[in-house]
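Asker: Right, I'll just put the structure down here and ask away after.
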Amino acid sequence: MLENLKNFDPEVADAVKNELKREREGAELIASENFVSRAVLETMGTVLTNKYSEGYPNKRYYAGNEFIDITEQLAINRAKQLFGAEHVNVQPHAGSQANMAAYMAILNPGDKILGMDLAHGGHLTHGSKVNFSGKLYKFSAYGVNPDNCMLDMDEVARIALEEKPKMLLAGFSAYPREIDFARFRKIADEVSNVTGQGCYLMADVAHIAGLIAAKIHSDPIPVCDIVTTTTHKTLRGPRGAIIMCKEEDRFKHIFDPDGKKNLARKIDSAVFPGMQGGPLDHMIAAKAVAFKEALQPDFVEYQKQVVKNASMLAETLMENDVDVVSGGTDNHLILIDLTKNNLGGKEVELALDKAHIFTNKNMIPFDKRSPFDPSGIRIGTPALTTRGFKEDEMAIIGESIAKVLRCINDPSAIEEVRQEILSLCKDFPLYPDMEY
Ligand SMILES: *Cc1c(COP(=O)(O)O)cnc(C)c1O
């Protein structure tokens, strides 16, 4: 019980140590990743992991939850304050589970959902055939306009009125432009009026939650019935998710006239006991710490810098003759279109990785290649901005990516880029006093 990791399990300790080195010595551009603070990291490694606390604060199935109640209630209160939400459930283990619980709370298997086309930037949990969502619910999709690769809200409205879904879903994993949530609300209301049945609006803001919390992106909370988000992307907390919702179910009189639960209770029951067992109390406490960080003024500055950095990176890429889907970005992410370069995402991801630039291959809208070797590379600035990178460094990163694309078959050029990235990373120490 008292032996430390290094002594007891050098294999795992070594892998962790090497991961820290990898994170330190590379340009982390994966748009869904970030670096948590020391305090968040510390909280995740506490004895809170030992506790069972099925239920909710002051309504637990086991004894001994007086301290767990404090941390979970802090997480709830701070999330409410941060987003201005009426009700928050902080227990979902991850974004996928948050979405599963949200669907379960108000839909029946076989119900219709209209969401973003996966190939245009939707998420697996938005109806992929290999995911529970596509197996349990009837999904249809809207996509981006072929001319500018941006959402065409008139087209979304047209499809919504044709499909008449029970839920309209606004959520994106690879869409670089700002979302007009108010317009999504209008569309859901139009569908409700036409069908007389009711159309819920849900937003999945897993990627852009940090921007929303900092109030530099249009706000889904006032207009959506349910908003889910991960806590580990732009929000910069521990791995996990939360569900925010209105207290009342606006279509209870239609779908559930005799039910006793409002929407908030339905969400809570869907998470536990509907879909999960015991909550991860150490992660929930770490969410509370992350929300406290997000309530500080410097968090707003951070999110503003994330967006500035992404704009600079997109501009630099375009100046260096690299195509960017939709011709730029409004948020933290950029989708590089490799069509013109006649390269596949797979080989580019690998070449960039060799140069210590970490990215992921990604489908682009109307992609002619396969998901296993698509035409796009997705990049984002949340992690490097946490490290302290600003516009000047983003220009260097942009030029480095362009160079890798130009010289993909020239190992010495790739090595030159790697050396440059290594020296750049040295100027921005990550967890400087940490051993592993
Ligand atoms: C990342 C993401 C998720 C899922 O999050 P996990 O924690 O990986 O399950 C859900 N929806 C969107 C839009 C995402 O980008």
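The values are calculated or read from the model by the stated rules, or taken from the named source; none is laboratory data. Not measured: the values here are computed from a predicted model. Cβ: placed from backbone, ideal geometry, glycine included. Neighbour counts: every protein chain shown. Surface areas here come from the heavy atoms of the whole protein model, side chains and all, with no ligands, DNA or RNA. Shrake-Rupley method; radii C 1.70, N 1.55, O 1.52, S 1.80 Å.
Asker: Being part of a loop (DSSP other than H, G, I, E, B) and acidic (Asp, Glu) is the filter; apply it to segment 4-29 and report the residue that is farthest from Lys361 (Cα to Cα).
Answerer: Asp9
Asker: Out of (1) open to solvent by less than 10 Å² (accessible area, probe 1.4 Å); (2) touching a strand residue (DSSP E or B) at 6+ places or on another chain (Cβ under 6 Å); (3) closer than 22 Å to Thr234 by Cβ, the odd one out for Gly398 is which?
Answerer: Of everything listed in (1) open to solvent by less than 10 Å² (accessible area, probe 1.4 Å); (2) touching a strand residue (DSSP E or B) at 6+ places or on another chain (Cβ under 6 Å); (3) closer than 22 Å to Thr234 by Cβ, Gly398 misses just condition (2).
Asker: Mind telling me which of the residues Val307, Val348, Val300 ends up being open to solvent by less than 10 Å² (accessible area, probe 1.4 Å) and modelled with pLDDT of 95 or more?
Answerer: Sole residue among the options that is open to solvent by less than 10 Å² (accessible area, probe 1.4 Å) and modelled with pLDDT of 95 or more: Val348.
Asker: Now for a separate question. Please enumerate the residues belonging to segment 145-171 that are open to solvent by less than 20 Å² (accessible area, probe 1.4 Å) and either within 30 Å of Asp323 (Cα to Cα) or polar (S, T, N, Q) (or both).
Answerer: Selection gives Val156, Ala157, Leu169, Ala170, Gly171.
Asker: Give the residue that is least open to solvent (accessible area, probe 1.4 Å), with candidates limited to residues of segment 13-47 that are more than 18 Å from Pro429 (Cβ to Cβ) and touching a Ser or Thr at 6+ places or on another chain (Cβ under 7 Å).
Answerer: Leu29
Asker: Something else: Could you list all residues from segment 215-243 that are open to solvent by 10 Å² or more (accessible area, probe 1.4 Å) and away from the ligand (no atom under 11 Å from the Cβ)?
Answerer: The answer is Lys215, Ile216, His217, Ser218, Asp219, Ile221, Pro222, Val223, Arg236.
Asker: What is the one condition in (1) farther than 18 Å from Val90 by Cβ; (2) buried (at least 24 other Cβ atoms within 10 Å of the Cβ); (3) within 16 Å of the ligand (Cβ to nearest atom) that Asp249 does not satisfy?
Answerer: Evaluating Asp249 over (1) farther than 18 Å from Val90 by Cβ; (2) buried (at least 24 other Cβ atoms within 10 Å of the Cβ); (3) within 16 Å of the ligand (Cβ to nearest atom) leaves (3) as the failure.
Asker: Would you point out which residue out of Gly198, Gly210 is open to solvent by less than 10 Å² (accessible area, probe 1.4 Å) and more than 24 Å from the chain's Cα centre (by Cα)?
Answerer: Gly198
Asker: Identify the residue in segment 252-269 that is among the hydrophobic types (A, V, I, L, M, F, W, C) and surrounded by fewer than 22 Cβ atoms within 10 Å (Cβ to Cβ) and, among all such residues, is nearest to Ile221 (Cα to Cα).
Answerer: Checking each candidate, the answer is Ala264.
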